[in-house]
Ligand SMILES: Cc1ncc(COP(=O)(O)O)c(C=O)c1O
């Protein structure tokens, strides 16, 4: 069984999977990371292609040795990856021209988040039942989510009406697309609520993290409402594990289709914001998938491109810039912390093994990461050691795409291939084209274009980013869907969005970006509704 420790060295004991998923964030603000990873033989990876996706997932989960029975894990996988997806392959690899695209948006909310969030709530319920039965807690759970758009929609869908669980989502006002907002504020379910937060995604993430850190509030929730807090953001390990599956599955599909021989190297290109998706590709590589380089694709908020190039993460004089890929408008990439932990651990292992080593006296990895995260919070920057930077550069290549190039990429790909991409995918596509060498590149396609209809329409009509669209545009962005299809007849509005069009708006409340305001919104909602 793989156990989990935390990135800042502050947990008193390792956790089992079921405990890590319930806790979400580790005590002291760090993130749970696996202690060791399974080595999955290449033969097992390539034979995944012969199985349906839910069996692929169950096999990977089994390799991770979860503290749940194989029968339960298989049942959870079967329930998570079925006809709730609009493609039986669940995460198909498409060859488009000479690009390979891993389509991760066939789930109910049309973004890659469904790949994890159709599954994680089922793991969560199982873990909660185990904890209740074992008498480890008698509390129910309140899931708090900060979203740059897609996570909120997918988490609401996944957790709606789950027993013993409530979920509240905070999204930045004017920071998500019209369709994403509409998906959230119309979500049915008796156990959920949604708030617009005055700020950007980093403000949302900070406010929610501050609530997690407030021990007095946790005590109040337990005493007055019988609730403990947890997270459905990718800071929760339960989000990352299901994402590891599709990189292994994608490799297997490419071998089965004859695009690769088993064992050939594959580069993976991931449009990146909070660093969760690309980190899952890293774990897939470490488990044995022959992934060579991870291409980290950014938008104008290119802090990660600079970090990979220089080893210094510096947001001290950066302001967040709004782009056509709003779900990547992030400056504090939370999951980078997990990679830094791993690279620091590898660097200190090497020094321990090398009698001539030890030039830089790095402390235990948790302490180093703790230091860097403290520096980031207090001064907006940190610089990693040279050997960690060297390891980072041997693994990751970063590049970024400006707003107009992003839109031109969508227009050109549609004109050339009749393939319509969303702006996040377009960033991955362009970086893959720019950085490709001798190995094929698999581009993670993270959302369906319809979630970003206004910018897709700009792309198809050669309208610059940010410029007003000619013709009729309605307030909620849904009318634009039909206009996109007029310009791109091969594309169609997915049925998942037709239902959203007809649902009434349920939530329209704005909160301030402080911890106090977020806590008060929770108190008010819990008292009124329950
Ligand atoms: C469509 C889309 N693309 C890319 C990303 C970035 O993924 P990550 O935050 O895992 O790096 C997100 C995340 O919000 C997203 O919704």
Inter-site label distance for residue 527 and residue 487 at 7 Å from Cα along Cβ, in nm: 4.9
field: Efficiency of FRET between residue 55 and residue 259 - r from beta-carbon atoms, R0 25 angstrom, step 0.05
entry: 0.70
statement: So for R0 = 41 Å, FRET eff. of residue 62-residue 499 from the Cβ-Cβ r, to 0.05, ends up at 0.70
query: For segment 465-530, what are the per-bin percents of Cα-Cα distances with bins 10 Å wide, up to the bin holding the maximum?
result: 15, 30, 24, 21, 10
task: Can you put 125, 77, 327 in order of Cβ neighbours within 10 angstrom, beginning with the fewest?
output: 125, 77, 327
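For segment 273-330, state the semi-axes of the equivalent ellipsoid (square roots of 5 times the eigenvalues of the alpha-carbon gyration tensor), sorted largest first and rounded to whole angstrom. Let's see the in-between values first.
On the way: eigenvalues 120, 38, 14 Å².
Semi-axes, largest first: 24, 14, 8 Å.
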field: Surface/4 estimate of mean projected area, convex hull on alpha-carbon atoms of segment 34-91, nm²
entry: 4.5
statement: Relative to the compact-globule estimate 2.2 N^0.38 Å (N residues), the Cα gyration radius of the chain stands at a ratio of 0.92
message: Using only the alpha-carbon atoms, what does segment 375-530 span along each of its principal axes? Please give whole angstrom values in decreasing order.
response: 58, 50, 28
- prompt: Under Stokes-Einstein, with the Kirkwood radius over Cα pairs standing in for Rh, what whole-number D in µm²/s applies to segment 9-113 at 4 °C and 1.567 mPa s?
  reply: 80
Spherically averaged projected area of segment 163-249 from its Cα convex hull (nm²): 7.5
- prompt: Which residues in segment 168-200 have a backbone N closer than 18 Å to a point placed 7 Å from the Cα of residue 479 along the Cα-to-Cβ line?
  reply: 178-180, 182
- line: Cβ density ranking, 10 Å radius, fewest first, applied to 115, 68 yields 68, 115
- request: Please give the length that would be gained between residue 472 and residue 381 if that part of the chain were fully extended, namely 0.36 nm times their separation in residues minus their C-alpha to C-alpha distance (nm, one decimal).
  value: 28.3 nm
message: I need the P(r) histogram for segment 113-191: all alpha carbon pairs, bin width 5 Å from 0 out to the longest distance, whole percents.
response: 3, 16, 25, 22, 16, 9, 5, 3, 1
- line: Ranked from fewest to most other Cβ atoms within 10 Å of their own Cβ, 292, 498 fall in the order 498, 292
field: For segment 1-76 and segment 207-239, distance of Cα centres in Å
entry: 22
- prompt: Given 10 Å bins starting at zero, what is the percent of C-alpha pairs of segment 386-445 in each, up to the one with the largest pair distance?
  reply: 21, 45, 24, 8, 2
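Laboratory data are not the source of any read-out in this text; all were calculated from the coordinates shown. Only a predicted model underlies this, so the values are computations on that prediction, with no experimental measurement involved. Positions of Cβ are generated from backbone atoms using ideal geometry, with glycine treated the same way; all protein chains shown enter the neighbour counts.
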